[in-house]
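In what follows, a structure is listed as structure tokens, so that the remarks can point back to it.
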Amino acid sequence: MAADTRENANSKAPEPSKLTTSPSKGTAAHEPYAVPVAPPNANALPGGAGLNTAGGRTREAGYLDALRSVQFSDFQEVHKKPCVREALLTGIGGGFGIGGVRAILGASVWRTCNWAVGSFVFGSFLMYEYCQRRRQLEMQGMKRAVEVIDRKQAEKRKKAEEAKAARRKAKEES
């Protein structure tokens with residue numbers, strides 16, 4: 001009798017061939033099967049992370065380091081930064097308005113305060129971003145204007161030089 005050709009449930013799947021066709025050449029030539037290996041990181045220093053180029057370990061910054069970097073003068077001059085004054089005034093007005101309306105409509109004090117603070121933060125953020133975008137567009141417009149002015153001045157210089165050369169040529173011919 002012939003052997004059973006049905007696959008057995010415990011039989012192993014056939015292993016892939018060590019020879020494959022070359023997809024890059026499009027031929028049926030066989031190449032050795034190899035798994036690509038990533039090259040070592042060229043930016044990693046030997047010895048592990050945390051080493052600097054001088055050989056020492058860098059100290060990690062913590063919360064105290066962050067607090068030490070903040071100075072009182074930063075808060076005294078915050079209104080001098082571009083767009084901050086306008087954003088804060090808009091946020092204060094929005095917070096006062098929304099909080100006042102909520103208080104008049106009979107909301108609890110806590111809920112009114114939450115709405116006032118939330119609208120202050122949201123209004124200030126939106127106004128700051130809007131102002132920054134306006135400034136960015138204005139700077140782009142100024143750059144374009146300067147380029148146009150420079151181009152026109154170059155054209156005028158070129159015209160003047162051509163006119164000067166034409167006058168010289170006319171003078172030499174006469």
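Calculate, in nm to one decimal, what Val117 and Arg134 gain on full extension: separation in residues at 0.36 nm each, minus their alpha carbon distance. All intermediate terms of the calculation are to be shown ahead of the outcome.
Values: separation 17, 0.36 × 17 = 6.12 nm, distance 2.56 nm.
Result for the pair: 3.6 nm of gain on full extension.
What figure in square angstrom, to the nearest 10, would you give for the accessible area of Tyr128 with a 1.4 Å probe?
Solvent-accessible area, nearest 10 Å²: 70 Å².
Just flag the GluC sites (Glu not before Pro) in segment 58-129 sitting in loop per DSSP whose Cβ has no more than 11 other Cβ atoms within 10 Å. Please report the intermediate quantities before stating the final value.
On the way: sites: Glu60, Glu77, Glu86, Glu129; in loops: Glu60, Glu77.
The qualifying sites are Glu60, Glu77.
Once ligands and nucleic acids are excluded and a 1.4 Å probe is used, how much of Val84 is accessible, expressed in Å² to the nearest 10?
Spelled out: Val84, probe radius 1.4 Å, area about 30 Å².
Give me the number: length gained by fully extending Arg68 to Ala165, i.e. 0.36 nm times residue separation minus the C-alpha to C-alpha distance, one decimal in nm. Show your work: numbers first, answer last.
Details: separation 97, 0.36 × 97 = 34.92 nm, distance 6.79 nm.
Once the chain is fully extended between Arg68 and Ala165, it gains 28.1 nm.
If you rank Thr112, Thr90 by how much accessible surface each has, with a 1.4 Å probe, what is the order from largest down? Please list the in-between numbers first.
On the way: Thr112 20, Thr90 60 Å².
From most exposed to least exposed: Thr90, Thr112.
The values are calculated or read from the model by the stated rules, or taken from the named source; none is laboratory data. Please read all numbers here as calculations on a predicted model, not as lab measurements. Glycine also receives a Cβ, built like all others from the backbone with ideal geometry; neighbour counts cover every protein chain displayed. These area figures cover heavy atoms from the full protein model, side chains too; ligands, DNA and RNA do not enter into them. Shrake-Rupley method; radii C 1.70, N 1.55, O 1.52, S 1.80 Å.
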